[in-house]
1. How about the range 123-142: which of its residues are over 11 Å from the mean Cα position of the chain (by Cα) and open to solvent by less than 20 Å² (accessible area, probe 1.4 Å)?
2. Scan the range 46-59 for residues that are open to solvent by less than 40 Å² (accessible area, probe 1.4 Å) and modelled with pLDDT of 95 or more and report the count.
3. Please specify each residue of the range 93-120 satisfying the condition of being in contact with a helix residue (DSSP H, G or I) (Cβ under 6 Å, 6 or more places away or on another chain) and more than 16 Å from GLN158 (Cβ to Cβ).
4. Please determine, by comparing only the residues of the range 144-156 that are more than 11 Å from the chain's Cα centre (by Cα) and aliphatic (A, V, I, L, M), which one is surrounded by the fewest Cβ atoms within 10 Å (Cβ to Cβ).
5. Hey, can you tell me all the residues within the range 70-122 that are within 18 Å of ARG137 (Cα to Cα), surrounded by 15 or more Cβ atoms within 10 Å (Cβ to Cβ) and β-branched (Val, Ile, Thr)?
6. Could you check, for the range 66-74, whether at least one of its residues is farther than 15 Å from ASP134 by Cβ, outside any helix (DSSP H, G or I) and not polar (S, T, N, Q)?
7. Name the single residue, out of those in the range 104-140 being part of a helix (DSSP H, G or I) and of a type in the set (Val, Ile, Thr), that is nearest to MET69 (Cα to Cα).
Amino acid sequence: MFANLASSQGLAGQPDFLYLRGTLEKRTLDLINQDRNAREYFGETRGRARPLLWDERLAAVARAHSEEMARNGYFSHRSADGELPAERLSAAGILWTRVGENIANCQTVTQAESIFMDEPKFERNHRWNILNPDYTRVGVGIAKASDGMLYITEDFAQLR
């Protein structure tokens with residue numbers, strides 16, 4: 001199921017982006033981990049948020065969701081077939097105990113991270129997902145829509 005969604009249909013004619021995508025996804029991981037380690041967020045993390053480890057399985061699910069949104073022109077945590085993030089991860093055979101998802105539709109990954117981190121402190125929002133010390137793994141998936149906008153999905157998890 002995810003192999004079909006992760007095809008390059010939504011990215012047809014964009015070979016340069018396919019090359020750049022991995023760099024953008026890793027850059028997003030770096031931004032997330034910088035925020036998790038920043039002294040200015042110590043009050044929220046209590047110093048317990050360790051750098052997240054990259055998980056390619058989470059990234060594949062995130063990529064598939066971003067590509068589906070870009071291809072079909074919608075923006076939602078719910079996939080076209082109605083699945084929520086936890087259901088997508090379980091369907092991919094990922095065993096988790098906690099899961100969270102951030103999605104953005106922006107021009108750059110830096111812009112997306114700034115928007116997430118500008119949200120209110122101490123609330124269950126995108127910022128909370130980034131700073132949550134219970135999460136240990138992350139996968140990021142990015143797709144570029146025909147209008148040039150980036151669809152960014154960050155799937156966070158604590159695995160079993």
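The values are calculated or read from the model by the stated rules, or taken from the named source; none is laboratory data. Keep in mind the model is a prediction, meaning the values are calculated, not measured. Here the Cβ is made from the backbone with ideal geometry for all residues, glycine too, and neighbour counts use every protein chain on show. Keep in mind that these areas ignore ligands, DNA and RNA; they rest on the heavy atoms of the full protein, side chains included. Shrake-Rupley method; radii C 1.70, N 1.55, O 1.52, S 1.80 Å.
1. Result: ARG127, LEU131, ASN132, TYR135.
2. Final tally of qualifying residues: 5.
3. Residues satisfying the conditions are ALA104, CYS106, VAL109, GLU113, PHE116, MET117, GLU119.
4. Top of the filtered list is MET149.
5. ILE94, VAL99, ILE103
6. Checking the range 66-74: at least one residue is farther than 15 Å from ASP134 by Cβ, outside any helix (DSSP H, G or I) and not polar (S, T, N, Q).
7. VAL109
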